[in-house]
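Some notes on the structure that comes next.
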Amino acid sequence: MANAWKKDRSIKIATPKTLFLLFSTSLLLLTFFYLSSNTTTSSNPNPNFKTLINLPNSLIQPFDCYKSPQSHPIIANLVEGVKHPFLYSLSDFGTLPDKPHKNIVRILKGKLFRRPDISATVQELLEKMKGEGKTGIFVDVGANVGMATFAAAVMGFRVFAFEPVLENLQSICNGIYFNRVGDLVTVFEAATSDRVGNITFHKLVGRLDNSAVSATGAKLAFKSNEEIELQVRSIPLDKVIPEEEPVLLLKIDVQGWEYHVLKGAKKLLSRKKGEAPYLIYEEDERLLQASNSTSKEIRKFLHGLGYTNCLLQGTDAHCTK
(Lines give C-alpha, C1' and ligand atoms only; values in the text may rest on other atoms or scores of the structure.)
Protein backbone atom coordinates (compact mmCIF):
# COMPACT_ATOMS: atom_id res chain seq x y z
CA MET A 1 0.00 0.00 0.00
CA ALA A 2 1.36 3.42 -0.92
CA ASN A 3 2.71 5.50 1.96
CA ALA A 4 2.18 2.65 4.45
CA TRP A 5 4.47 2.42 7.49
CA LYS A 6 7.07 -0.34 7.36
CA LYS A 7 7.23 -2.37 10.56
CA ASP A 8 10.92 -3.09 10.22
CA ARG A 9 11.98 0.54 10.00
CA SER A 10 12.95 2.36 13.19
CA ILE A 11 11.55 5.84 13.56
CA LYS A 12 13.13 8.77 15.33
CA ILE A 13 10.27 10.96 16.44
CA ALA A 14 12.10 13.73 18.24
CA THR A 15 14.34 14.87 15.40
CA PRO A 16 14.27 18.57 14.42
CA LYS A 17 12.91 17.65 10.99
CA THR A 18 10.04 15.59 12.46
CA LEU A 19 9.11 18.30 14.94
CA PHE A 20 9.10 20.90 12.17
CA LEU A 21 6.83 18.74 10.02
CA LEU A 22 4.42 18.15 12.91
CA PHE A 23 4.29 21.84 13.71
CA SER A 24 3.75 22.80 10.06
CA THR A 25 1.02 20.18 9.60
CA SER A 26 -0.79 21.29 12.75
CA LEU A 27 -0.65 24.91 11.66
CA LEU A 28 -2.02 24.05 8.23
CA LEU A 29 -4.87 22.00 9.71
CA LEU A 30 -5.85 24.77 12.12
CA THR A 31 -5.83 27.30 9.29
CA PHE A 32 -7.91 24.98 7.13
CA PHE A 33 -10.60 24.42 9.79
CA TYR A 34 -10.73 28.13 10.60
CA LEU A 35 -11.20 29.12 6.97
CA SER A 36 -13.70 26.31 6.40
CA SER A 37 -15.90 27.39 9.30
CA ASN A 38 -15.85 31.01 8.15
CA THR A 39 -16.59 30.06 4.56
CA THR A 40 -19.50 27.86 5.57
CA THR A 41 -21.08 30.65 7.56
CA SER A 42 -20.57 33.45 5.08
CA SER A 43 -21.46 31.55 1.91
CA ASN A 44 -24.72 30.13 3.24
CA PRO A 45 -27.56 32.32 1.90
CA ASN A 46 -29.71 31.33 4.89
CA PRO A 47 -27.36 30.97 7.85
CA ASN A 48 -30.10 31.35 10.45
CA PHE A 49 -33.27 29.27 10.47
CA LYS A 50 -33.84 30.21 14.08
CA THR A 51 -36.03 33.02 15.28
CA LEU A 52 -34.60 36.48 15.83
CA ILE A 53 -37.15 36.95 18.59
CA ASN A 54 -36.27 35.95 22.13
CA LEU A 55 -38.77 33.37 23.42
CA PRO A 56 -37.55 32.68 26.96
CA ASN A 57 -40.94 31.57 28.29
CA SER A 58 -42.10 29.63 25.25
CA LEU A 59 -42.99 25.96 25.66
CA ILE A 60 -41.88 25.15 22.13
CA GLN A 61 -38.74 25.88 20.16
CA PRO A 62 -38.56 26.58 16.41
CA PHE A 63 -38.41 23.72 13.95
CA ASP A 64 -34.81 23.13 12.85
CA CYS A 65 -34.69 22.85 9.07
CA TYR A 66 -31.05 21.75 9.17
CA LYS A 67 -31.88 18.68 11.27
CA SER A 68 -34.95 17.75 9.24
CA PRO A 69 -34.55 14.99 6.63
CA GLN A 70 -34.47 16.52 3.17
CA SER A 71 -37.54 15.97 1.03
CA HIS A 72 -37.05 14.55 -2.44
CA PRO A 73 -37.74 15.03 -5.19
CA ILE A 74 -38.29 18.78 -5.02
CA ILE A 75 -40.64 20.48 -7.47
CA ALA A 76 -40.77 24.25 -7.04
CA ASN A 77 -41.65 27.28 -9.10
CA LEU A 78 -42.50 30.96 -8.97
CA VAL A 79 -46.09 32.03 -8.35
CA GLU A 80 -47.96 33.91 -11.03
CA GLY A 81 -49.64 37.27 -10.59
CA VAL A 82 -48.28 38.55 -7.26
CA LYS A 83 -46.70 41.95 -6.82
CA HIS A 84 -43.85 40.54 -4.77
CA PRO A 85 -42.77 37.25 -6.43
CA PHE A 86 -41.82 34.20 -4.40
CA LEU A 87 -41.30 30.45 -4.84
CA TYR A 88 -42.72 27.49 -3.02
CA SER A 89 -42.30 23.74 -3.42
CA LEU A 90 -45.00 21.07 -3.55
CA SER A 91 -45.41 18.39 -0.92
CA ASP A 92 -48.02 16.47 -2.93
CA PHE A 93 -47.40 15.53 -6.55
CA GLY A 94 -50.76 13.97 -7.27
CA THR A 95 -50.95 10.50 -8.82
CA LEU A 96 -48.00 10.17 -11.15
CA PRO A 97 -48.04 9.78 -14.07
CA ASP A 98 -51.82 9.43 -14.51
CA LYS A 99 -53.05 12.46 -12.57
CA PRO A 100 -50.16 14.74 -11.63
CA HIS A 101 -50.71 17.80 -9.48
CA LYS A 102 -52.12 20.70 -11.50
CA ASN A 103 -49.00 22.78 -10.88
CA ILE A 104 -46.79 20.02 -12.27
CA VAL A 105 -48.88 20.16 -15.42
CA ARG A 106 -48.40 23.92 -15.51
CA ILE A 107 -44.62 23.53 -15.28
CA LEU A 108 -44.67 21.12 -18.23
CA LYS A 109 -46.58 23.75 -20.18
CA GLY A 110 -44.03 26.43 -19.27
CA LYS A 111 -46.36 28.23 -16.87
CA LEU A 112 -45.84 29.51 -13.32
CA PHE A 113 -47.64 28.02 -10.32
CA ARG A 114 -51.23 29.15 -9.98
CA ARG A 115 -51.53 32.01 -7.52
CA PRO A 116 -53.20 31.10 -4.23
CA ASP A 117 -55.76 33.76 -3.35
CA ILE A 118 -54.43 34.01 0.21
CA SER A 119 -51.00 35.04 -1.09
CA ALA A 120 -52.36 38.06 -2.93
CA THR A 121 -54.58 38.96 0.03
CA VAL A 122 -51.68 38.84 2.49
CA GLN A 123 -49.50 41.03 0.29
CA GLU A 124 -52.25 43.59 -0.28
CA LEU A 125 -53.03 43.88 3.44
CA LEU A 126 -49.40 44.07 4.55
CA GLU A 127 -48.54 46.61 1.87
CA LYS A 128 -51.37 48.83 3.09
CA MET A 129 -50.21 48.49 6.69
CA LYS A 130 -46.62 49.21 5.68
CA GLY A 131 -47.81 52.36 3.92
CA GLU A 132 -49.47 53.43 7.17
CA GLY A 133 -46.16 53.06 8.99
CA LYS A 134 -47.18 49.95 10.93
CA THR A 135 -44.63 47.32 11.88
CA GLY A 136 -45.02 43.83 13.31
CA ILE A 137 -45.09 40.16 12.47
CA PHE A 138 -47.37 37.95 10.42
CA VAL A 139 -48.66 34.79 12.12
CA ASP A 140 -49.53 31.96 9.73
CA VAL A 141 -51.52 29.17 11.39
CA GLY A 142 -51.94 26.17 9.14
CA ALA A 143 -49.04 27.30 6.98
CA ASN A 144 -49.21 24.25 4.68
CA VAL A 145 -46.24 24.64 2.27
CA GLY A 146 -45.77 28.34 3.00
CA MET A 147 -47.78 30.10 0.31
CA ALA A 148 -48.90 32.84 2.70
CA THR A 149 -45.67 32.75 4.73
CA PHE A 150 -43.43 33.52 1.77
CA ALA A 151 -45.84 36.13 0.41
CA ALA A 152 -45.15 38.11 3.58
CA ALA A 153 -41.48 37.24 4.07
CA VAL A 154 -40.36 38.42 0.61
CA MET A 155 -41.81 41.81 1.52
CA GLY A 156 -39.47 41.95 4.52
CA PHE A 157 -41.99 40.98 7.22
CA ARG A 158 -41.09 38.54 9.96
CA VAL A 159 -43.30 35.45 10.10
CA PHE A 160 -44.29 32.86 12.70
CA ALA A 161 -45.50 29.79 10.76
CA PHE A 162 -47.27 26.86 12.46
CA GLU A 163 -47.58 23.53 10.64
CA PRO A 164 -47.82 19.98 12.10
CA VAL A 165 -47.33 17.86 8.95
CA LEU A 166 -43.69 16.91 8.34
CA GLU A 167 -43.96 16.79 4.56
CA ASN A 168 -45.30 20.35 4.56
CA LEU A 169 -42.58 21.46 6.97
CA GLN A 170 -39.97 20.09 4.59
CA SER A 171 -41.47 22.15 1.77
CA ILE A 172 -41.44 25.23 3.97
CA CYS A 173 -37.75 24.64 4.67
CA ASN A 174 -37.12 24.37 0.93
CA GLY A 175 -38.97 27.64 0.39
CA ILE A 176 -36.97 29.36 3.11
CA TYR A 177 -33.83 28.50 1.17
CA PHE A 178 -35.25 29.33 -2.27
CA ASN A 179 -36.55 32.73 -1.17
CA ARG A 180 -33.51 33.60 1.01
CA VAL A 181 -35.69 34.41 4.04
CA GLY A 182 -34.05 32.32 6.74
CA ASP A 183 -33.66 35.35 8.98
CA LEU A 184 -37.35 36.25 8.70
CA VAL A 185 -39.30 33.00 9.01
CA THR A 186 -39.66 31.04 12.25
CA VAL A 187 -41.33 27.66 11.85
CA PHE A 188 -43.05 25.66 14.59
CA GLU A 189 -43.87 21.97 14.24
CA ALA A 190 -47.21 22.10 15.99
CA ALA A 191 -50.95 22.42 15.67
CA THR A 192 -52.26 25.46 17.50
CA SER A 193 -55.17 24.94 19.86
CA ASP A 194 -56.60 26.09 23.20
CA ARG A 195 -54.46 23.79 25.34
CA VAL A 196 -50.95 22.45 25.65
CA GLY A 197 -50.53 18.77 24.89
CA ASN A 198 -51.00 16.34 22.02
CA ILE A 199 -53.96 15.84 19.73
CA THR A 200 -54.80 13.19 17.18
CA PHE A 201 -54.29 14.48 13.68
CA HIS A 202 -55.66 12.91 10.49
CA LYS A 203 -53.42 13.01 7.45
CA LEU A 204 -54.90 12.12 4.08
CA VAL A 205 -52.45 10.26 1.88
CA GLY A 206 -51.97 12.10 -1.39
CA ARG A 207 -53.63 15.30 -0.21
CA LEU A 208 -51.72 16.83 2.68
CA ASP A 209 -53.34 20.24 2.22
CA ASN A 210 -56.55 18.77 3.62
CA SER A 211 -55.11 17.11 6.68
CA ALA A 212 -56.97 18.11 9.83
CA VAL A 213 -57.67 17.39 13.46
CA SER A 214 -61.09 16.10 12.48
CA ALA A 215 -61.10 13.05 10.19
CA THR A 216 -64.53 14.07 8.91
CA GLY A 217 -63.36 17.60 8.30
CA ALA A 218 -60.35 16.42 6.37
CA LYS A 219 -62.44 14.21 4.11
CA LEU A 220 -65.12 16.82 3.48
CA ALA A 221 -62.76 18.76 1.23
CA PHE A 222 -61.23 15.74 -0.50
CA LYS A 223 -62.50 12.19 -0.89
CA SER A 224 -59.88 9.70 0.23
CA ASN A 225 -59.92 6.25 1.75
CA GLU A 226 -56.26 6.43 2.75
CA GLU A 227 -56.01 8.05 6.14
CA ILE A 228 -53.22 8.07 8.70
CA GLU A 229 -53.69 8.98 12.36
CA LEU A 230 -50.78 10.55 14.16
CA GLN A 231 -50.16 12.41 17.38
CA VAL A 232 -49.04 16.00 16.95
CA ARG A 233 -48.09 18.61 19.47
CA SER A 234 -50.66 21.29 20.23
CA ILE A 235 -49.98 24.66 21.78
CA PRO A 236 -51.92 27.93 22.21
CA LEU A 237 -50.62 30.96 20.37
CA ASP A 238 -50.61 32.87 23.66
CA LYS A 239 -47.92 30.47 24.91
CA VAL A 240 -45.63 31.29 21.98
CA ILE A 241 -46.11 34.92 21.01
CA PRO A 242 -44.65 37.38 23.54
CA GLU A 243 -47.12 39.94 24.85
CA GLU A 244 -44.81 42.78 23.82
CA GLU A 245 -44.45 41.50 20.26
CA PRO A 246 -46.58 43.50 17.77
CA VAL A 247 -48.66 41.32 15.44
CA LEU A 248 -50.08 42.90 12.30
CA LEU A 249 -51.91 40.00 10.73
CA LEU A 250 -53.15 36.61 11.94
CA LYS A 251 -54.26 34.07 9.33
CA ILE A 252 -55.89 30.79 10.38
CA ASP A 253 -56.73 27.97 7.98
CA VAL A 254 -57.02 24.68 9.88
CA GLN A 255 -59.92 22.79 8.31
CA GLY A 256 -62.54 23.46 10.96
CA TRP A 257 -60.30 23.76 14.04
CA GLU A 258 -60.44 27.57 13.93
CA TYR A 259 -62.47 28.09 17.10
CA HIS A 260 -59.95 26.18 19.20
CA VAL A 261 -57.09 28.19 17.71
CA LEU A 262 -58.89 31.46 18.44
CA LYS A 263 -59.57 30.49 22.06
CA GLY A 264 -55.87 29.76 22.47
CA ALA A 265 -55.08 33.27 21.22
CA LYS A 266 -57.42 35.14 23.57
CA LYS A 267 -54.69 37.37 25.02
CA LEU A 268 -53.42 38.28 21.57
CA LEU A 269 -56.91 39.04 20.30
CA SER A 270 -57.75 41.03 23.46
CA ARG A 271 -55.21 43.71 22.63
CA LYS A 272 -56.72 47.14 22.25
CA LYS A 273 -57.81 48.64 18.95
CA GLY A 274 -54.79 49.65 16.91
CA GLU A 275 -52.67 46.90 18.48
CA ALA A 276 -54.87 43.84 17.94
CA PRO A 277 -54.06 41.95 14.73
CA TYR A 278 -56.12 42.00 11.57
CA LEU A 279 -57.73 38.55 11.57
CA ILE A 280 -58.40 36.20 8.67
CA TYR A 281 -59.86 32.77 9.39
CA GLU A 282 -61.65 30.16 7.31
CA GLU A 283 -65.37 30.08 8.12
CA ASP A 284 -66.63 26.95 6.40
CA GLU A 285 -69.71 25.80 8.30
CA ARG A 286 -69.34 22.15 7.29
CA LEU A 287 -65.75 21.97 8.51
CA LEU A 288 -66.54 23.86 11.72
CA GLN A 289 -69.40 21.53 12.61
CA ALA A 290 -67.13 18.53 12.02
CA SER A 291 -64.98 19.94 14.85
CA ASN A 292 -68.00 20.64 17.11
CA SER A 293 -68.16 24.40 16.59
CA THR A 294 -70.16 26.88 14.51
CA SER A 295 -69.55 30.20 12.82
CA LYS A 296 -72.12 31.77 15.17
CA GLU A 297 -70.15 30.57 18.18
CA ILE A 298 -66.94 32.03 16.74
CA ARG A 299 -68.55 35.37 15.94
CA LYS A 300 -69.92 35.62 19.49
CA PHE A 301 -66.48 34.85 20.94
CA LEU A 302 -64.77 37.44 18.73
CA HIS A 303 -67.43 40.06 19.44
CA GLY A 304 -66.73 39.67 23.15
CA LEU A 305 -63.07 40.51 22.45
CA GLY A 306 -63.93 43.63 20.47
CA TYR A 307 -63.87 42.24 16.93
CA THR A 308 -67.14 43.80 15.88
CA ASN A 309 -66.34 44.20 12.19
CA CYS A 310 -66.33 40.88 10.31
CA LEU A 311 -66.88 40.49 6.59
CA LEU A 312 -67.05 37.20 4.72
CA GLN A 313 -64.98 37.00 1.54
CA GLY A 314 -65.60 33.63 -0.02
CA THR A 315 -65.10 31.22 2.88
CA ASP A 316 -62.66 33.55 4.66
CA ALA A 317 -63.82 35.91 7.40
CA HIS A 318 -61.91 39.20 7.71
CA CYS A 319 -62.26 40.75 11.17
CA THR A 320 -61.05 43.99 12.74
CA LYS A 321 -61.79 46.07 15.84
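Loop-located GluC sites (Glu not before Pro) in the stretch 110-160 (DSSP state other than H, G, I, E, B) with a sparse environment of at most 13 neighbouring Cβ atoms within 10 Å: Glu132. Normalised by the number of residues in the stretch 240-321, the average gap of Cα pairs under 8 Å and 6 or more apart makes the relative contact order 32 percent.
Give the shape of the stretch 89-208 as rounded, prolate or oblate, defined through the alpha-carbon gyration tensor: a ≥ b ≥ c are the square roots of its eigenvalues, a/c under 1.5 means rounded, and otherwise the shape is prolate if a/b is larger than b/c and oblate if not.
oblate
Taken about its Cα centre, the stretch 69-218 carries a charge dipole of roughly 420 debye when the Cβ of each Lys and Arg holds +1 and the Cβ of each Asp and Glu holds -1. The modelled label-to-label distance between Tyr66 and Leu311, using points 7 Å beyond Cα along the C-beta direction, is 4.5 nm. Accessible surface area normalised per residue over the stretch 75-148 is 51 Å², counting heavy atoms of protein chains with a 1.4 Å rolling probe.
At a 1.4 Å probe, what is the % contribution of carbon and sulfur to the accessible area of the stretch 49-196?
On the way: 3620 of 6840 Å².
That share works out to 53 percent.
Relative to the Cα centre, the charge distribution of the stretch 250-316, modelled as +1 at Lys and Arg Cβ and -1 at Asp and Glu Cβ, gives a dipole magnitude of about 480 debye.
Proximity of backbone amide H atoms, modeled 1.01 Å from N, is registered between Tyr278 and Leu249, Leu250 at under 5 Å, excluding neighbours fewer than 5 places apart on the same chain. Using heavy atoms of the protein chains and a probe of 1.4 Å, the accessible area assigned to Cys319 is about 0 Å². When +1 charges are put on Lys and Arg Cβ atoms and -1 charges on Asp and Glu Cβ atoms, the dipole computed for the stretch 92-143 relative to its Cα centre reaches about 300 debye. In terms of its C-alpha gyration tensor, the stretch 57-124 has an oblate overall shape, because the principal axis ratio a/c (a ≥ b ≥ c, square roots of the eigenvalues) is not below 1.5 and a/b does not outweigh b/c.
Grab the beta carbon distance between Ile107 and Arg286, set R0 = 35 Å, and tell me the FRET efficiency rounded to 0.05.
The formula returns an efficiency of 0.60 here.
Sorted largest first by accessible area at a 1.4 angstrom probe radius, with every protein chain in place, the residues Asp92, Asp194 fall in the order Asp194, Asp92.
Could you look at the stretch 227-321 and say what percent of its accessible area is carbon and sulfur, using a 1.4 Å probe and all protein chains? In the stretch 227-321, the share of accessible area belonging to carbon and sulfur is 48 percent.
To the nearest 10, the accessible area of Tyr177 is 100 Å² with a 1.4 Å probe.
The values are calculated or read from the model by the stated rules, or taken from the named source; none is laboratory data. Since the structure is predicted, the reported quantities are computational estimates derived from the model, not experimental observations. Every residue, glycine as well, gets a Cβ built from its backbone with ideal geometry; the counts of neighbours run over all protein chains shown. Note: accessible area is taken over every heavy atom of the protein model, side chains too, but ligands, DNA and RNA are not part of it. Shrake-Rupley method; radii C 1.70, N 1.55, O 1.52, S 1.80 Å.
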